[in-house]
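Quick one: the structure is below, questions incoming.
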Amino acid sequence: MNKIFAGIVGLMLVVGVTSGTAYALFSSKATASGVTFATGNADLRIWDGDSFEADRPSAFTFTGLYPGYTGTQLLQLKNMSTSPIALTIKGILLNGPTGDWDGLKNDVWVNIRLPGVAETGYRTLAAWNSTGFTLPGGSLAQNTQRDFQFDVQVNPAATNTIAGMTLSDVTFEFTGTQVTP
């Protein structure tokens, strides 16, 4: 009986394998080749008087400063990113000014604000150098520019110890960082 049962199972296997290999379906393939992935970039630029550039040497000059002095220059930034992204902008004073850093770092104050908007807060050069600050106005959309007032004030309580001091080669760096979508 076992031999009969094994024979039937064996016959069924042979029939199944034979019919499976004898039966075929049509098939076809398509391929996508030559696919390219290219990233864009974040590109924050500063107005240099003629065009928006990555660097603006000799951006501002403030002379004849005295206790209580205030002065303003126009600062223009533009998001020229190739990707459709908005940027938040942070400014920081980089290390490396030459001259009387120790004498002026706490008595010269900078405030970067939107034109026509009340000041957002003067901060010492030392504070700009240590942490930097996010500029007002929120994110800057692709292909848009924003005007800022670059305000300078000298501490009204500064003493005669700052007389005749100079600070040069001061560099403010503005970094545009993509806003999280």
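Go through segment 54-79 and give me each residue that's hydrophobic (A, V, I, L, M, F, W, C) and assigned to a loop (DSSP other than H, G, I, E, B).
Listed by number, the residues that qualify are Ala54, Ala59, Phe60, Phe62, Leu65.
For segment 125-169, name all the residues that are surrounded by fewer than 17 Cβ atoms within 10 Å (Cβ to Cβ), of a type outside the set (Gly, Ala, Ser) and under 18 Å from the mean Cα position of the chain (by Cα).
Thr131, Thr134, Pro136, Asn143, Thr144, Gln145, Asp147
A further question follows. Assess whether Gly96 counts as being surrounded by fewer than 18 Cβ atoms within 10 Å (Cβ to Cβ), modelled with pLDDT under 95 and touching an Asp or Glu at 6+ places or on another chain (Cβ under 8 Å).
yes
Return yes or no: is Val179 surrounded by 18 or more Cβ atoms within 10 Å (Cβ to Cβ) and in contact (Cβ under 8 Å) with a residue 60 or more places away in the chain?
no
Any residue that is in contact with a helix residue (DSSP H, G or I) (Cβ under 8 Å, 6 or more places away or on another chain) and either of a type in the set (Ser, Thr, Tyr) or without any contact (Cβ under 8 Å) to a residue 60 or more places away in the chain (or both) - is there at least one of those in segment 136-159?
no
State whether one or more residues within segment 100-111 are closer than 30 Å to Ala157 by Cα, at pLDDT 95 or above and among the polar types (S, T, N, Q).
yes
In segment 34-75, which residues are without any contact (Cβ under 8 Å) to a residue 12 or more places away in the chain and within 19 Å of Thr88 (Cα to Cα)?
Correct list: Glu53, Ala54, Asp55.
For segment 52-76, name all the residues that are within 14 Å of Ala158 (Cα to Cα) and either loosely packed, with under 15 Cβ neighbours inside 10 Å or among the β-branched types (Val, Ile, Thr) (or both).
Selection gives Tyr66, Gly68, Thr70.
The values are calculated or read from the model by the stated rules, or taken from the named source; none is laboratory data. Quantities reported herein were computed from a predicted structural model and do not represent experimental measurements. Note that we place each Cβ from the backbone using ideal geometry, even for glycine, and neighbour counts take in every protein chain shown.
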